[in-house]
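The values are calculated or read from the model by the stated rules, or taken from the named source; none is laboratory data. This one's a predicted model, so the numbers in the text were calculated from it and none came from an experiment. All Cβ positions, glycine included, derive from the backbone under ideal geometry; neighbour counts span all protein chains shown. Only protein heavy atoms, including side chains, enter the accessible area calculation; ligands, DNA and RNA are left aside. Shrake-Rupley method; radii C 1.70, N 1.55, O 1.52, S 1.80 Å.
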Amino acid sequence: MTPEDQEETQPLLGPLGGSAPRGRRVFLAAFAAALGPLSFGFALGYSSPAIPSLRRAAPPAPHLDEDAASWFGAIVTLGAAAGGLLGGWLVDQAGRKLSLLLCSMPFVAGFAVITAAQNLWMLLGGRLLTGLACGIASLVAPVYISEIAYPEVRGLLGSCVQLMVVTGILLAYLAGWMLEWRWLAVLGCVPPSFMLLLMCFMPETPRFLLSQHKRQEAMAAMQFLWGSAQGWEEPPIGAEHQGFHMAQLWRPGVYKPFIIGISLMAFQQLSGINAVMFYAETIFEEAKFKDSSLASVIVGLIQVLFTATAALIMDRAGRRLLLTLSGVVMVFSTSAFGAYFKLTEGGPSNSSHVDLPAHLSMEPTDTNTGLAWLAVGSMCLFIAGFAVGWGPIPWLLMSEIFPLPVKGVATGVCVLTNWFMAFLVTKEFSSLMEVLRPYGAFWLASAFSIFGVLFTVACVPETKGKTLEQITAHFEGR
């Protein structure tokens, strides 16, 4: 075998023969990609301070009534669901890097339209554009980061996706204290613009380059990211150009991760996270926190703190353990939340409408305040538990478990599932509370968390310390 043959057959992306790679540019590339989720988080958090600001604004600024405010918050999830499907196509056809570059454009365009808005339709159009970008970023950023990271830090870097999302939400809350809605939208243009600039200097992922039979470019990308292109095993790529076919769903290496990915996304939303966040300000007010924006910041700080904790221990504790512990905490906290609503429930009424503030005020003030602290504690515990496991890990696993030929389609379906469930839960939770009463709705969320824990124990494999090729081989039974 000639030296040239040895170089051509040299492994590229497999396990290391010696010590762990020491390249640090992988962290810079991961940070550049994670600015997409930061923009995504800012777009999600934008509506919380912007809606009160829009209601205070004098003409000719657009005016939001209750129904318009509801759509202003919820339309992002519809745009994100479409963005998930578009991102699934882009990530395979255009590549991971170009997809991230492209998703910065609807972020900037959407916030620019909001900044210039003169009527409700411009506001909703801008929110729809930012939602589209959120869907693309929520799919492409985890895939890019998982494919550039080596196994020893893939959990840390992958968890930073969710960390940047909650950081973006917190930044929107903090900036909302000082800025009106137009200037807040201008600020929203900054993270995606910075991502566009940084990503221009980052490489495409080696795995995607190999799938395009660009071995030399893949080796150069590996050298840039990891500091070495020696000692890794090249994955099989013979089927990469065939794309996704329905017949592939019969393969264990495809249908098993499909079931796991979709189920994790559904259980994440059915856990009740959006419902808890929706009632956060009301609960803090009942506990005598008069500044509702301070309550939002407290919730945001808890999310950032515990998501950062999860990122730091992800590669030591493992995904399964954190998902299980997170689920158990969520079961107990939503059960306590339901108990709070049960204890504060007033007498029988002929009305089926649930008015939460009035519903809570039927108890004597001292008793109500004391019970509200039970709700505050349960809510903070739930948010902390969610941030440690069920917040970041479904996104991390989504980026790890799918083989290259189906990654675009599979991750697109997972993202669509997540955003569709988020929209469904957000829009229908009030109706569910009318039927089951508030305590019944939260106990139902607790039951879904129990199913999520059981599903994790029975079906979700541990991926820490494994290469992406080893994870695929596990599902194939090899």
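Can you give the FRET efficiency to the nearest 0.05 for Asp67 and Val328, using r as the Cβ-Cβ distance and R₀ = 51 Å? With a Förster radius of 51 Å, E is 0.85. Once the Cα-Cα distance is subtracted from the 0.36 nm per residue extended length, the Ile259 to Ala74 segment shows a gain of 63.9 nm. Using C-alpha pairs below 8 Å separated by at least 6 residues, the relative contact order for region 96-188 is 33 percent.
Within the shell of other residues whose beta carbon sits under 11 angstrom from the beta carbon of Tyr439, the net charge comes to +1, with Lys and Arg scored +1 and Asp and Glu -1. Evaluated at q = 0.17 Å⁻¹, the base-10 log of the normalised Debye intensity for region 368-448, with identical point scatterers placed on the Cα atoms, takes the values -0.90.
What does the charge count around Val140 come to, taking other residues whose C-beta lies under 13 Å from its C-beta (Lys +1, Arg +1, Asp -1, Glu -1)? After counting each charged neighbour, the total is 0. Measuring from a point 7 Å past the Cα of Val457 along Cα-to-C-beta, which residues in region 378-410 have an amide N at less than 12 Å? Nothing falls inside the zone, counting backbone N under 12 Å.
Per-residue 3J(HN,Hα) values for region 207-214, derived from phi via the Karplus relation 6.51 cos²θ - 1.76 cosθ + 1.60 with θ = phi - 60°, read 5, 5, 4, 5, 5, 9, 6, 10 Hz in sequence order (x marks Gly and Pro).
Can I get the semi-axes of region 54-200's equivalent ellipsoid? Compute them from the C-alpha gyration tensor as square roots of 5 times the eigenvalues, in angstrom, largest first.
Numbers: eigenvalues 177, 53, 35 Å².
They are 30, 16, 13 Å, listed largest first.
With a threshold of 21 Å on the Cα-Cα distance, the over-threshold entries among Lys342/Lys427; Lys97/Lys256; Lys214/Lys466; Lys256/Lys466; Lys214/Lys407 are Lys342/Lys427; Lys97/Lys256; Lys214/Lys466.
Count Lys and Arg as plus one, Asp and Glu as minus one, and take only other residues whose Cβ is under 13 Å from that of Ala310; the net charge is then +2. Once divided by 2.2 N^0.38 Å, the Cα radius of gyration of region 81-120 becomes 1.42. Among the protein heavy atoms of region 88-163, carbon and sulfur supply 76% of the accessible surface, probe 1.4 Å, non-protein parts ignored.
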